[in-house]
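Colleague: Let me give you the structure first, and then I'll get to my questions.
The values are calculated or read from the model by the stated rules, or taken from the named source; none is laboratory data. Computed from a predicted model, the values in this text were never measured in an experiment. No Cβ is skipped: glycine too gets one built from the backbone with ideal geometry, and neighbour counts run over all protein chains shown.
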Amino acid sequence: MVESRSHAHGVDRLLARLSGVVLLVAACAADSQGRPASEVAGRGAAVAAENVQVALGVPSDADPADDAVVDEGDFVVSYNARRRAPNWVAWKLEASDLGHTRRKNAFHADDRLPPDVYRVTPHDFAHSGYDRGHLCPFADRNATPESAARTFSMTNVAPQLHELNAGPWQALEAYERHRAGNPDSMLYIVAGGVYDTDPKMIGHGIAVPRATFKIVVLLRRGQGARDVTAATPTLAVEMPNERGVGGRGWTEFVTSIDRVEEDTGYDFLTEVPVDVQAVIEARAPIEL
């Protein structure tokens, strides 16, 4: 882990309420109601801590200015207005989230973003050569039509080549749901993109990630960050968003959480005890 990232956790965040959605954005001198940034940041951290989807910690990096953290209820998104794409999406997965709602590809712009932020539409992906790749997948939230519909928000989508989206990425999603089918199991998942400094763009300036990452922690129902130990099963992958990936199995892309942190600049599992993080983030084998 990069030492400076540990100091970024819980720092320089403020809370604003917009259309009923909680947004954590970069702190300034005061919020719209004149409250000092320190007060607002504290309230933001408290709200984030209470959200079960990010019970293992809100991922943070050294530049909070490009993180608009949106509580979507069924998952939490960090939206990057510069890239016009999510930094990461976090969610909890257990058997009760799985159902039989029929899929409807109702992709839609997220009208709960601030009015000065461009709202990506499904049409931005037209003729781009890239799928509208879910980060939190539809099938992880198909217990109810309402939950399933939320996954089609464009803030939960990143450009993926079809052979990645329908290949090893989809196979990993199926594996996670298989593990979540155990009524005593609970998975905490964070997924997002790995971006070059000057990424390829599609549509109205939507950045294409060079790879897609995922971090998974397997706990028992009712457990949380303080229950994570050096023996807790974990998994991390980085899958390249490039031609030829479709013919490979997802296990070929297993890596360490430390590697994902290095490649993204984010600190993950920030609520897990630091000594435990040092162990589980350095290892690479499949342990789920």
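Colleague: For residues that are aliphatic (A, V, I, L, M) and surrounded by fewer than 21 Cβ atoms within 10 Å (Cβ to Cβ), scanning just region 185-210, find the one that is nearest to the chain's Cα centre (by Cα). Lay out the reasoning, then the answer.
Modeller: Our first condition is that a residue be aliphatic (A, V, I, L, M); within region 185-210, this holds for 186-187, 189-191, 194, 201-202, 206-208.
Those still in the list that are surrounded by fewer than 21 Cβ atoms within 10 Å (Cβ to Cβ) too: 194, 201-202, 207.
Working: 194: 12, 201: 20, 202: 21, 207: 16 Å.
Only one residue tops the list, namely 194.
Colleague: Could I ask something else about it? Pick out the one residue from 147, 96 that is within 19 Å of the chain's Cα centre (by Cα), in a helix (DSSP H, G or I) and on the phi < 0 side of the Ramachandran plot. Show your work before the answer.
Modeller: Working: 96 fails: within 19 Å of the chain's Cα centre (by Cα).
Of 147, 96, the one residue that is within 19 Å of the chain's Cα centre (by Cα), in a helix (DSSP H, G or I) and on the phi < 0 side of the Ramachandran plot is 147.
Colleague: For the structure I just gave you, tell me whether residue 62 is surrounded by fewer than 19 Cβ atoms within 10 Å (Cβ to Cβ), at pLDDT below 95 and in contact with a helix residue (DSSP H, G or I) (Cβ under 6 Å, 6 or more places away or on another chain). If you could, list the steps in order and put the result at the bottom.
Modeller: Details: surrounded by fewer than 19 Cβ atoms within 10 Å (Cβ to Cβ): yes; at pLDDT below 95: yes; in contact with a helix residue (DSSP H, G or I) (Cβ under 6 Å, 6 or more places away or on another chain): yes.
The answer is yes for residue 62.
Colleague: Of the conditions (1) touching a helix residue (DSSP H, G or I) at 6+ places or on another chain (Cβ under 6 Å); (2) modelled with pLDDT of 95 or more; (3) under 14 Å from residue 136 (Cα atoms); (4) not polar (S, T, N, Q), residue 120 satisfies every one except a single condition; which number is it?
Modeller: Against the list (1) touching a helix residue (DSSP H, G or I) at 6+ places or on another chain (Cβ under 6 Å); (2) modelled with pLDDT of 95 or more; (3) under 14 Å from residue 136 (Cα atoms); (4) not polar (S, T, N, Q), residue 120 comes up short only on (3).
Colleague: To continue, here is another question. Return the residue satisfying two criteria in turn: it lies in region 233-288 and is among the hydrophobic types (A, V, I, L, M, F, W, C) and within 16 Å of the chain's Cα centre (by Cα), and of such residues it is surrounded by the most Cβ atoms within 10 Å (Cβ to Cβ). Can you show your working first?
Modeller: Let us first name the residues in region 233-288 that are among the hydrophobic types (A, V, I, L, M, F, W, C), namely 235-237, 239, 245, 250, 253-254, 257, 260, 268-269, 272, 274, 276, 278-280, 282, 284, 286, 288.
From the residues that got through so far, the ones that are within 16 Å of the chain's Cα centre (by Cα) too are 235-237, 239, 257, 260, 268-269.
Working: 235: 25, 236: 25, 237: 24, 239: 24, 257: 25, 260: 22, 268: 27, 269: 24.
Looking at residues that are among the hydrophobic types (A, V, I, L, M, F, W, C) and within 16 Å of the chain's Cα centre (by Cα), I get 268.
Colleague: Hey, another quick one. When only residues in region 70-93 that are assigned to a loop (DSSP other than H, G, I, E, B) and of a type in the set (Asp, Glu) count, which is farthest from residue 141 (Cα to Cα)?
Modeller: Initial filter on region 70-93 (assigned to a loop (DSSP other than H, G, I, E, B)): 72-75, 81-84.
If we keep only those that are of a type in the set (Asp, Glu) as well, we get 72, 74.
Working: 72: 12, 74: 8 Å.
Ranking the candidates gives 72 first.
Colleague: Which of (1) over 19 Å from residue 76 (Cβ atoms); (2) modelled with pLDDT of 95 or more; (3) not small (Gly, Ala, Ser) does residue 105 not meet, given it meets every other one?
Modeller: Every listed condition holds for residue 105 apart from (2).
Colleague: Among the numbered conditions (1) hydrophobic (A, V, I, L, M, F, W, C); (2) farther than 18 Å from residue 239 by Cβ; (3) buried (at least 20 other Cβ atoms within 10 Å of the Cβ), tell me where residue 149 comes up short.
Modeller: (3)
Colleague: Take region 85-98 and flag every residue that is surrounded by 14 or more Cβ atoms within 10 Å (Cβ to Cβ) and either of a type outside the set (D, E, K, R) or touching a His at 6+ places or on another chain (Cβ under 7 Å) (or both).
Modeller: Initial filter on region 85-98 (surrounded by 14 or more Cβ atoms within 10 Å (Cβ to Cβ)): 85-95, 97-98.
Result: 85, 86, 87, 88, 89, 90, 91, 93, 95, 98.
Colleague: Looking at region 152-179, which of the residues that are over 21 Å from residue 120 (Cα atoms) and of a type in the set (A, V, I, L, M, F, W, C) is surrounded by the most Cβ atoms within 10 Å (Cβ to Cβ)? I'd like the intermediate steps shown before the answer.
Modeller: First, the residues of region 152-179 that are over 21 Å from residue 120 (Cα atoms): 163-164, 166-179.
Of the ones still in play, those that are also of a type in the set (A, V, I, L, M, F, W, C) are 164, 166, 169, 171-172, 174.
Values: 164: 24, 166: 14, 169: 27, 171: 14, 172: 23, 174: 11.
This residue is 169.
Colleague: Sticking with this structure for a sec: Quick one: which helices (runs of 4 or more DSSP H) sit completely within region 154-264 and have at least 2 residues that are among the acidic types (Asp, Glu) and touching a residue at least 12 places away in the same chain (Cβ under 8 Å)?
Modeller: Numbers: elements: 162-165, 168-180, 257-264.
In region 154-264, 168-180, 257-264 are the helices (runs of 4 or more DSSP H) which contain 2 or more residues that are among the acidic types (Asp, Glu) and touching a residue at least 12 places away in the same chain (Cβ under 8 Å).
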